[in-house]
Amino acid sequence: MGNLLGSWRFKEPSTVEECDSTWGSDSESDEPAAEDDSGISETVSPAESDRAAGDPGDTSPQLTDSPESVPKMKRSFYAARDLYKYRHSYPNFRKSRLPNEYRNLRFYLNKIPLVPDGIYIEEILTKWRGDYDKLEHNHTYIQWLFPLREQGLNFYAHELTQDEIKEFQSTREAKRRFLAAYSLMLDFYGLKLLDKSGNVARALNWQERFQHLNESQHNYLRITRILKSLGELGYEAFKAPLVRLFLEESLCHNTLPNMQHSVLEYYVYTIRLPATRRRLLRYARQHYRPAHAFLWGPPPKRRGGAGTGGGMGAGSSGIRAPAPTPEEQRRGEESITSTSASSGIFMSSHDAMACQDLAGGGLKGCAGLSSSMAGLDGTLMMMGVRGERNEYNEIVPL
C-alpha cells in the first residue's frame, strides 16, 4: 500500500478550462446569489467619470470596437497551468530528500547573504532603495527577496518548503523585512504601500516610473513572482489591491497599456479566492476595449435547448461545451481551409518573456515546438487520420 501511495500522482489539467475554476459552479457559493453579474459596486473616481463621459481633454489613443482592429488572442495554457499549480499548492510537488536548511528564512534574518552576489538583506533594504538602475539590471536578488516553492532562474536560490513557510510566518523579524522588501519594489514601480491591509497608491514619481515599467516588460515576470510570494508567506490579502490598481492604470487611465494582458492573464489568477478573481474580472470587463475581445469572462448563458453549437469563448471556463454534431463538424471542415491562412495568434510579451526564460534555464523546447507539431501533422496524414487543431493547437481526429 505504501508503494502505491508513493507512486500516485495528481492528474494535471490539460486545457485552460480545466485550469480555471473562476466562474465554475463549484465556486459560486462564496458570494451572495443575488450579486449582479454585469459589474461590481466600486467608487468611480473623477478621472473615470470624465473618461466615460468623453473628456475633451483626454488625448490618449482610444481603441475601437472593430473586430478587425486587433489581432486574434487566446488564453495562454502555459499561464493557466502554472497558476493552477500555484493556487492548488503544487499538487505533484515532491518533497526534497535533502535536509531543510531554511536558507530563505536565514537570509531574511540577515544571517547569510544572497548567492552569488554575497549581499545581505539589510544592505539591500537600506542602500538599494531609490537605486533604480541597480534594481533594474541586477537579476539575482528577486528570487531571494520573493522565494517560492518552485525553481527560478537563479539556481543558487533555494525553493521554499512547507516547514520553512510556517517558521517564516511565525518570525516577526523576517516578516518585517519581507514587507520592507515589498515596499522597496513598489517604490521601484512608482507605487507606495499605504497601510497594513495592503492598500497601494501612486507615489510622487509615478509618471517617470510608470513610463519605465510600461517599456521594461521583463518586470512583469517579477511582479508575478512578487504576487505569488505574498500568498506563500501569509500576505494573500495584499494581492487584490495591487492587481486592482494595475487594472485601473492599464485599462482606465492608459498609463500602463502594455501591462493589460499580463494583469488579466497572470496577476488576477495568482489570487486564490474565486470570488475575488470574479470581482476583479467584472471590473476589467467594464473597461476593456474592444469589449468583444475580452477573454476572461464567464461562460455564455445558453438559451433553452436551442443551441447552435454551444461552444464556450476562449476565456470562459468551468463548463464543458457539448460535442459538435456531424453537420457542425462538416461545416467546420469546409471552413478550415478558408480561415487557416488569415487567422493569426497573438502572443503576449509576458508569454514571450516566459518562453525566453525557459530557454535560458536550459529548456530548449520552445524553439522546436513548431517543427514538432508539423511532424505530428505529417504522421497523422500518413496514417490516414483526418484531423483539425482545436483552440489550444492540439490535433483532434475528426
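Mind jotting down the distance between the C-alpha centroids of the range 110-128 and the range 216-244, whole Å?
So the two Cα centres are separated by 21 Å.
I need the peptides 147-158, 109-120, 227-238 ranked by packing, meaning the mean over residues of other C-beta atoms within 10 angstrom, with the highest value on top.
So the peptides 147-158, 109-120, 227-238, ranked by packing, come out 227-238, 147-158, 109-120.
Leaving out ligands, DNA and RNA, and with a 1.4 Å probe, what % of the accessible surface on the range 127-250 is carbon or sulfur?
Carbon plus sulfur share of accessible area: 48 percent.
With a 1.4 Å probe and all protein chains left in place, how much accessible area per residue does the range 115-196 have, in Å²?
Normalised by residue count, the accessible surface of the range 115-196 is 49 Å².
Where does each of Tyr283, Tyr78 land when they are ordered by accessible area, with a 1.4 Å probe and the largest first?
Largest to smallest exposure gives the sequence Tyr78, Tyr283.
Which of the peptides 245-252, 85-92 is most tightly packed, and how do the rest follow, going by the mean number of other Cβ atoms within 10 Å of each residue?
245-252, 85-92
Sort 266-279, 173-186, 191-204 by packing, meaning the average of other beta carbons within 10 Å per residue, with the highest value first.
266-279, 173-186, 191-204
The values are calculated or read from the model by the stated rules, or taken from the named source; none is laboratory data. On a predicted model such as this, the values are computed, not experimentally measured, just so you know. Virtual Cβ from ideal backbone geometry, glycine too; neighbours counted across all protein chains shown. All accessible areas refer to the heavy atoms of the entire protein, side chains included, with ligands and DNA or RNA removed. Shrake-Rupley method; radii C 1.70, N 1.55, O 1.52, S 1.80 Å.
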